[in-house]
1. Kindly indicate whether any position in segment A:27-36 is crowded, with 16+ Cβ neighbours inside 10 Å, in a loop (DSSP other than H, G, I, E, B) and either within 14 Å of chain B (Cβ to nearest Cβ) or in contact with a strand residue (DSSP E or B) (Cβ under 8 Å, 6 or more places away or on another chain) (or both).
2. With the requirement that a residue be more than 24 Å from residue A:251 (Cβ to Cβ) and modelled with pLDDT of 95 or more, what does segment A:46-58 give you?
3. So, residue A:42, is that one more than 10 Å from chain B (Cβ to nearest Cβ) and within 20 Å of residue A:240 (Cα to Cα) or not?
4. Among strands (runs of 3 or more DSSP E) lying entirely in segment A:174-291, which contain 1 or more residues that are over 23 Å from the mean Cα position of the chain (by Cα)?
5. Restricting the search to segment A:45-54, which residues are over 24 Å from residue A:356 (Cα atoms) and either crowded, with 19+ Cβ neighbours inside 10 Å or away from chain B (no Cβ under 14 Å) (or both)?
6. Report, by residue number, each residue of segment B:128-158 that is on the phi > 0 side of the Ramachandran plot and surrounded by 15 or more Cβ atoms within 10 Å (Cβ to Cβ).
7. Among the helices (runs of 4 or more DSSP H) contained in segment A:61-154, which hold 3 or more residues that are crowded, with 24+ Cβ neighbours inside 10 Å and within 14 Å of chain B (Cβ to nearest Cβ)?
8. Are any residues in segment A:6-20 in contact (Cβ under 8 Å) with a residue 60 or more places away in the chain and more than 7 Å from chain B (Cβ to nearest Cβ), and if so, which ones?
């Protein structure tokens, strides 16, 4: 049985998310890219319509969507603005470890508030000295008697400046490498010892809030630890199986947007007395874009479908993440090329897409790390 | 209150319309259907009225093809309670449509306190169904409504007329109100709303169920064709200052003698 058709409800969900992207995101994307302001009003509106926190199960007040539905929404929101989508997707990235590794009581305590009002979450894994080498993190989570004590510095944390909840990875013993890694929830953003840095100035995704965070002897209740000490690595890896298809879907959304602009413009731009779309050089670029876009989308859907059907999807998730991020970079770059001089101007929408695309090759595991994961899956089995 | 909304499913506004093979209608096979945009204002006003009157229900009625029920599902995802579809793949005229809508409203078993419609459908632009339906149901009607206030059974309705002037009407329910752009901002169907809509009742009826037959037909659509292609425009070069006076004379002459617009 092979079926490439979305269900009626899934089509309606896609339609609605696309309508939101076109009406509420695209008209404001350039303004927020310019001001680098956090688009709280737009995010709030998206939350009211159920477009945020799609990973929360129905029993905790969420929509209870499958991964296929979640990535369908992500693609549309990223079509609207890759930067705004990062702010939305970062919530899922932070809440997924809770969905995956928390007890029932913890899920009620941490997830349900996110379904009652618009709240912001931040996933804190990367450190100044540890990005791709996540197992080498230096932040410590130590037993302080009736609580845990968190110490360390985190870097490039999305949503950091506005977060109501932090999901923090640390180690109880750096010697134990990945076996020491643990995951704890800080649901009091005002807790003593949390220092939030200034917003980073970035190439793209400018309206998404990115900062460093320092934890200085932050006391966290014992009941906020997910699983046991040392469970963090396992939780993080499972989180990536969910989140990588989502990030890959955001690449598809950005690429689709660039593709749509490029096709439209190629049909309108007259050179040598005819639309440039009639030139084979442009046709080949558009054909390559279309192929890679469709291949990306199929990989994203397959990686998600496998997860929904309980199949190990680590390899497919990395295929999808690496392929669609690289394709998005190429497609957005060629959209600028097709627009020519206009494409390089901020008066036109495509240069922003090219800047935004770059980050998707970097965050959530670089394109190179994805290839390492893929090779490891191939040779270790 | 028993609130009714009549909706129509129309081709998406970006559709490139072409006549079908024998020219009796447009080619519908590849059309993406949407709810008639004016009907969205009608649905929104119905939902606002429901919210202000506890215990009210919003029932949506549509006549048309059964293959795609986009308009009804959208209305229910926005918050309407139930819907009735009179199934017809034929291209009904306005009279048959109004009669079928009346039949479906009667089949619902509820007596309408108010019926909302869009002021017109954006596909055939007939602007007849709201008035025909009101007449058949022996209800007063006001169309092109941009303002709606209700106090009990008394309504204050603002109607846009030529030149942008506003007429204010007082009406009492039961009545029919046909809505225009500017009346409200239609809400999005939320994701939970879309999921809930799956479980809301959608009753299908046939034309025979609502007492409509081909004997009711007043208009036969016989020939659809595309308008003739526009002849290419004329370009004048007035870059050279010395030539400008001559160009102006030529353009004025053409506008007067050939285009006959001045």
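The values are calculated or read from the model by the stated rules, or taken from the named source; none is laboratory data. Note that the structure is a prediction, hence the values are computed from the model and not measured. Quick reminder, even Gly has a Cβ in these numbers, built from the backbone with ideal geometry, and neighbours come from all protein chains shown.
1. Scanning segment A:27-36, I find no residue that is crowded, with 16+ Cβ neighbours inside 10 Å, in a loop (DSSP other than H, G, I, E, B) and either within 14 Å of chain B (Cβ to nearest Cβ) or in contact with a strand residue (DSSP E or B) (Cβ under 8 Å, 6 or more places away or on another chain) (or both), so the answer is no.
2. Result: A:48, A:57.
3. No, not satisfied.
4. Qualifying strands (runs of 3 or more DSSP E): A:194-196, A:210-221.
5. Within segment A:45-54, the subset over 24 Å from residue A:356 (Cα atoms) is A:48-50.
Residues satisfying the conditions are A:49, A:50.
6. B:144
7. Passing ranges, in order: A:67-80.
8. Hits for segment A:6-20 are A:6, A:10, A:14, A:17, A:18.
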